[in-house]
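The structure appears below as structure tokens.
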Amino acid sequence: MSHALKVGIVVFPGSNCDRDVAYVTSELLGWPTELLWHEETNLANYDLIVLPGGFSFGDYLRCGAIARFSPIMAAVKDHAAAGKWVLGICNGFQILTEAKLLPGALVRNRDLHFICDRVHLRLEAKERPWLQGYGEKTVIRLPIAHGEGCYYADAATLAELEANRQVLFRYADAQGNVTPESNPNGSLNNIAGICNAAGNVLGMMPHPERAADPALCHSPSDHTLDGLQLFKSLLMAAAEV
């Protein structure tokens with residue numbers, strides 16, 4: 001297996017974190033990376049497709065509601081159905097739920113305010129490929145920046161997600177305790193990120209690409225590189241195939 005993944009990052013009108021992800025995959029990890037305009041329909045050459053954060057189509061109607069109809073999304077669905085990797089970050093997570101690649105929905109934050117902060121996350125279902133590079137670590141810290149990040153699903157869907165171990169990230173405190181106080185946006189079950197049943201599609205509200213640059217590392221004990229390990233985990237998983 002190659003020591004790199006071929007990455008395609010979808011650019012919708014209004015995307016603004018596409019270059020941030022490209023910096024991580026291309027400059028920091030050295031993976032072949034291309035920015036893909038939302039009208040692209042051929043994803044055959046890519047291992048990982050990323051739907052980045054931003055405000056696709058200005059978030060008109062509701063976040064991700066228009067982007068789901070972009071021509072590239074049919075190809076993204078085929079890519080996922082073939083068992084290849086799909087990562088949706090923030091607005092990308094919203095698009096994945098609108099496109100029914102992931103269950104549930106992202107709605108207005110509990111306090112109806114845009115939140116820009118760093119939060120602690122408890123790692124769940126660590127057997128999933130996305131988390132296997134974190135080793136013994138059970139709590140990480142990543143930035144968030146969203147106005148509609150409150151995860152909602154009906155009771156049956158929530159029960160299924162929990163039973164199938166599809167919840168990968170849960171808002172928590174620094175010690176890993178899941179509490180109402182550690183929930184920044186009102187997400188049910190403190191959910192910050194989920195995968196599909198097969199495990200190859202991940203949607204998450206926090207931004208791993210904003211916690212990946214060693215140049216920002218203040219000390220070996222801080223959480224500056226917690227996001228980089230998510231991407232490295234995928235490479236580890238790919239090497240096992």
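To keep it simple, each residue is scored yes or no on (1) touching a residue at least 40 places away in the same chain (Cβ under 8 Å); (2) not polar (S, T, N, Q).
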{"residue": "ILE72", "(1), (2)": "yes, yes"}
{"residue": "THR97", "(1), (2)": "yes, no"}
{"residue": "ARG108", "(1), (2)": "yes, yes"}
{"residue": "PHE114", "(1), (2)": "no, yes"}
{"residue": "GLU124", "(1), (2)": "yes, yes"}
{"residue": "TRP130", "(1), (2)": "yes, yes"}
{"residue": "GLY133", "(1), (2)": "yes, yes"}
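Here are some residues: GLY64, GLY88, GLY30, GLY92. Which one is within 26 Å of ARG118 (Cβ to Cβ) and part of a loop (DSSP other than H, G, I, E, B)? Explain how you work it out, then say what you get.
Working: GLY88 fails: part of a loop (DSSP other than H, G, I, E, B); GLY30 fails: within 26 Å of ARG118 (Cβ to Cβ); GLY92 fails: part of a loop (DSSP other than H, G, I, E, B).
Residue meeting the stated conditions: GLY64.
Anything in the stretch 148-165 that is out of contact with any strand residue (DSSP E or B) (no Cβ under 8 Å at 6 or more places or on another chain) and not aliphatic (A, V, I, L, M)? List them, or say none.
The answer is ASP154, THR157, GLU160, GLU162, ASN164, ARG165.
Is it fair to say ASN185 is out of contact with any Leu (no Cβ under 8 Å at 6 or more places or on another chain), buried (at least 18 other Cβ atoms within 10 Å of the Cβ) and within 23 Å of PRO129 (Cβ to Cβ)? Step through it out loud before you land on a result.
Values: out of contact with any Leu (no Cβ under 8 Å at 6 or more places or on another chain): yes; buried (at least 18 other Cβ atoms within 10 Å of the Cβ): yes; within 23 Å of PRO129 (Cβ to Cβ): no.
For ASN185, the condition - out of contact with any Leu (no Cβ under 8 Å at 6 or more places or on another chain), buried (at least 18 other Cβ atoms within 10 Å of the Cβ) and within 23 Å of PRO129 (Cβ to Cβ) - is not met.
For every residue, the table says whether it meets (1) within 18 Å of GLU181 (Cα to Cα); (2) over 15 Å from the mean Cα position of the chain (by Cα); (3) open to solvent by less than 30 Å² (accessible area, probe 1.4 Å).
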residue	(1), (2), (3)
GLY83	no, yes, no
THR97	no, no, yes
LEU106	no, no, yes
ASP111	yes, yes, no
LEU131	no, no, yes
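From the residues in the stretch 30-63 that are small (Gly, Ala, Ser) and farther than 27 Å from SER233 by Cα, which one is surrounded by the fewest Cβ atoms within 10 Å (Cβ to Cβ)?
In this case the residue turns out to be GLY58.
Search the stretch 145-182 for residues being under 15 Å from the mean Cα position of the chain (by Cα) and of a type in the set (Ser, Thr, Tyr), and hand back the single one that is surrounded by the most Cβ atoms within 10 Å (Cβ to Cβ).
Applying the filter and picking the extreme gives TYR171.
So which residues in the stretch 30-60 are among the polar types (S, T, N, Q) and closer than 25 Å to VAL107 by Cβ? Don't jump to the end; show me each part of the working.
Taking the stretch 30-60 first, the residues among the polar types (S, T, N, Q) are 33, 41-42, 45, 56.
If the condition is that a residue be among the polar types (S, T, N, Q) and closer than 25 Å to VAL107 by Cβ, then SER56 is the only one that fits.
Among the numbered conditions (1) in a loop (DSSP other than H, G, I, E, B); (2) open to solvent by 60 Å² or more (accessible area, probe 1.4 Å); (3) not polar (S, T, N, Q), tell me where ASP117 comes up short.
Result: ASP117 passes all but (1).
Between residues in the stretch 39-57 that are closer than 8 Å to ALA75 by Cβ and residues that are in a loop (DSSP other than H, G, I, E, B) and open to solvent by 50 Å² or more (accessible area, probe 1.4 Å), which pairs lie under 9 Å by C-beta distance while being six or more apart or on different chains?
Close Cβ pairs satisfying both conditions: GLU40/PRO71; THR41/PRO71; LEU43/LYS84.
Kindly provide the set of residues from the stretch 18-29 that are touching a residue at least 24 places away in the same chain (Cβ under 8 Å), among the hydrophobic types (A, V, I, L, M, F, W, C) and surrounded by fewer than 22 Cβ atoms within 10 Å (Cβ to Cβ), ordered by number.
Filtering the stretch 18-29 for residues touching a residue at least 24 places away in the same chain (Cβ under 8 Å) gives 18, 20-21, 23-25, 28-29.
Adding the requirement that they be among the hydrophobic types (A, V, I, L, M, F, W, C) leaves 21, 24, 28-29.
Hits for the stretch 18-29 are LEU28, LEU29.
The values are calculated or read from the model by the stated rules, or taken from the named source; none is laboratory data. Just so we're clear, the structure is a prediction, and the values are computed from it rather than from any experiment. Cβ coordinates were reconstructed from backbone atoms using ideal geometry, including for glycine residues, and neighbour counts include every protein chain displayed. The area values use the complete protein model at the heavy-atom level, side chains included, leaving out ligands, DNA and RNA. Shrake-Rupley method; radii C 1.70, N 1.55, O 1.52, S 1.80 Å.
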